[in-house]
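A.B. asks: Below is one structure. I have some questions about it.
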Amino acid sequence: MMKFDEIQIRVRYGETDQMGVVYHGNYPLYLEMGRIEWLRKLGISYKKMEEDGVLLPVVSLQVNYKRSMGYDDLITVKTRLKNRPTAKIEFEYEITNENGEILTTANTVLVFLNKETNRPMKAPQYILDLID
């Protein structure tokens with residue numbers, strides 16, 4: 001099972017506020033980038049999953065801001081699967097700077113949703129097979 005993945009992101013000017021730090025509303029985008037790449041490297045296409053009738057909305061988001069990030073900082077988003085998926089999938093994140101200092105920790109919970117019925121469903125078997 002692939003436990004975690006890391007991606008690097010260069011903070012863009014437009015992601016910062018008037019004080020020169022990353023605006024808090026951009027953090028969920030960094031987490032999404034980490035999560036999508038984690039899935040992609042596992043062999044799961046978010047786009048194909050949706051085409052197959054499986055949606056994966058976020059139902060819980062927790063972000064702990066420890067240190068600020070600024071324009072042009074190179075950050076690393078480490079994404080880790082917390083548990084084996086059921087009807088939900090949970091990820092933990094750690095964002096660090098170039099010096100390895102922890103800037104942010106976070107957690108998201110997403111639910112597998114049947115696109116036709118708009119009801120929760122078990123994680124598709126092909127996803128469980130790739131994770132095991």
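The values are calculated or read from the model by the stated rules, or taken from the named source; none is laboratory data. Small disclaimer: the values here were computed from a predicted structure and weren't measured. Glycine gets a Cβ as well: all are built from the backbone with ideal geometry, and neighbour counts include every protein chain shown. Heads up: the accessible areas ignore ligands, DNA and RNA and are worked out on the full protein's heavy atoms, side chains in. Shrake-Rupley method; radii C 1.70, N 1.55, O 1.52, S 1.80 Å.
A.B. asks: With respect to D72, is the statement that it is more than 15 Å from the chain's Cα centre (by Cα) and either closer than 29 Å to E116 by Cβ or not small (G, A, S) (or both) true?
C.D. replies: Spelling it out, D72 is indeed more than 15 Å from the chain's Cα centre (by Cα) and either closer than 29 Å to E116 by Cβ or not small (G, A, S) (or both).
A.B. asks: Output yes when any residue across the range 34-49 is farther than 19 Å from Y126 by Cα, modelled with pLDDT of 95 or more and open to solvent by 70 Å² or more (accessible area, probe 1.4 Å), and no when none is.
C.D. replies: So far as the range 34-49 goes, no, none of its residues is farther than 19 Å from Y126 by Cα, modelled with pLDDT of 95 or more and open to solvent by 70 Å² or more (accessible area, probe 1.4 Å).
A.B. asks: Follow-up. Within the range 17-26, identify whether any single residue is acidic (D, E), open to solvent by less than 80 Å² (accessible area, probe 1.4 Å), free of Cβ contacts under 8 Å to residues at least 24 places away in the same chain and over 28 Å from P124 (Cβ atoms), and answer yes or no.
C.D. replies: Scanning the range 17-26 turns up at least one residue that is acidic (D, E), open to solvent by less than 80 Å² (accessible area, probe 1.4 Å), free of Cβ contacts under 8 Å to residues at least 24 places away in the same chain and over 28 Å from P124 (Cβ atoms).
A.B. asks: Just to check your reading of the model, which residue among R80, R67 is in contact (Cβ under 8 Å) with a residue 24 or more places away in the chain, farther than 14 Å from I127 by Cα, open to solvent by 60 Å² or more (accessible area, probe 1.4 Å) and part of a loop (DSSP other than H, G, I, E, B)?
C.D. replies: Residue meeting the stated conditions: R67.
A.B. asks: Within the range 118-128, identify whether any single residue is part of a loop (DSSP other than H, G, I, E, B), in contact with an Asp or Glu (Cβ under 9 Å, 6 or more places away or on another chain), open to solvent by 50 Å² or more (accessible area, probe 1.4 Å) and in contact (Cβ under 8 Å) with a residue 12 or more places away in the chain, and answer yes or no.
C.D. replies: Within the range 118-128, none of the residues are part of a loop (DSSP other than H, G, I, E, B), in contact with an Asp or Glu (Cβ under 9 Å, 6 or more places away or on another chain), open to solvent by 50 Å² or more (accessible area, probe 1.4 Å) and in contact (Cβ under 8 Å) with a residue 12 or more places away in the chain.
A.B. asks: Kindly list the number of the only condition in (1) out of contact with any strand residue (DSSP E or B) (no Cβ under 7 Å at 6 or more places or on another chain); (2) within 18 Å of F4 (Cα to Cα) that fails for T104.
C.D. replies: (1)
A.B. asks: What residue, among those in the range 50-60 that are in a strand (DSSP E or B) and surrounded by fewer than 17 Cβ atoms within 10 Å (Cβ to Cβ), is farthest from the chain's Cα centre (by Cα)?
C.D. replies: So, considering only residues that are in a strand (DSSP E or B) and surrounded by fewer than 17 Cβ atoms within 10 Å (Cβ to Cβ), the one farthest from the chain's Cα centre (by Cα) is L55.
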